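Everything on this sheet refers to the single structure shown next.
The values are calculated or read from the model by the stated rules, or taken from the named source; none is laboratory data. If you're wondering where the values come from, they're calculated on a predicted model, not measured in any experiment. Quick reminder, even Gly has a Cβ in these numbers, built from the backbone with ideal geometry, and neighbours come from all protein chains shown. With ligands, DNA and RNA removed, areas are computed over all heavy atoms of the protein, side chains included. Shrake-Rupley method; radii C 1.70, N 1.55, O 1.52, S 1.80 Å.
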Amino acid sequence: MHVRCFDDTAADAAAWDAFVWRHEQATNDHLWVWRRILSEAFGFKPCYLGAFEEEHLLGILPLFEIPRGFGATALSSIPFGNYGGIVADSPQAAAALLEAAKASVHQADRQ
């Protein structure tokens with residue numbers, strides 16, 4: 001299983017939203033449109049993570065890098081939203097997404 005950050009392309013947006021629409025645990029807060037709204041309106045840097053087995057999407061985690069002050073940043077899933085977080089088809093995909101998010105936090109701390 002591998003995890004990657006989705007690019008801001010029409011193909012990635014369509015794949016993301018198709019997963020959201022088919023998954024019973026996903027909410028409207030997971031939809032791709034929030035990526036564009038929150039990054040454009042507030043300048044938050046998005047990294048929408050996807051967990052893949054080969055080319056099959058098994059889970060998603062929307063993340064935004066947000067400023068905390070004094071040059072520090074934090075990661076948040078859907079700032080100002082109520083229902084972000086991991087949506088996955090398996091515990092393994094959820095774990096892979098969580099580990100990737102943790103690695104992103106540690107990487108941001110080193111910068």
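Among the listed residues 68, 35, identify the single one that is exposed (fewer than 13 other Cβ atoms within 10 Å of the Cβ) and not polar (S, T, N, Q). That would be 68, the only listed residue that is exposed (fewer than 13 other Cβ atoms within 10 Å of the Cβ) and not polar (S, T, N, Q).
Could you check the range 28-85 for strands (runs of 3 or more DSSP E) lying wholly inside it with 2 or more residues that are at pLDDT 90 or above, closer than 21 Å to residue 96 by Cα and not aromatic (Phe, Trp, Tyr)?
By residue number, 45-53, 56-69.
Looking across 48, 83, one residue alone is open to solvent by less than 70 Å² (accessible area, probe 1.4 Å) and among the aromatic types (Phe, Trp, Tyr). It is 48. Evaluate the range 28-38: report whether one residue or more is of a type in the set (Val, Ile, Thr), under 18 Å from residue 4 (Cβ atoms) and touching a helix residue (DSSP H, G or I) at 6+ places or on another chain (Cβ under 9 Å). No; the residues of the range 28-38 include none that is of a type in the set (Val, Ile, Thr), under 18 Å from residue 4 (Cβ atoms) and touching a helix residue (DSSP H, G or I) at 6+ places or on another chain (Cβ under 9 Å). Applying the criterion of being in a helix (DSSP H, G or I) and open to solvent by 80 Å² or more (accessible area, probe 1.4 Å) to the residues of the range 15-27, the residue that is farthest from residue 77 (Cα to Cα) is 22. Taking the conditions (1) in contact (Cβ under 8 Å) with a residue 24 or more places away in the chain; (2) exposed (fewer than 15 other Cβ atoms within 10 Å of the Cβ); (3) of a type outside the set (Lys, Arg) in turn, residue 101 satisfies each one other than (2). In the range 61-83, the qualifying residues are those that are hydroxyl-bearing (Ser, Thr, Tyr) and more than 14 Å from residue 31 (Cβ to Cβ), and the one that is farthest from the chain's Cα centre (by Cα) is 73. Look at residue 9 and say whether it is over 13 Å from the mean Cα position of the chain (by Cα), open to solvent by 20 Å² or more (accessible area, probe 1.4 Å) and within 16 Å of residue 101 (Cβ to Cβ). Against the criterion (over 13 Å from the mean Cα position of the chain (by Cα), open to solvent by 20 Å² or more (accessible area, probe 1.4 Å) and within 16 Å of residue 101 (Cβ to Cβ)), residue 9 does not qualify.
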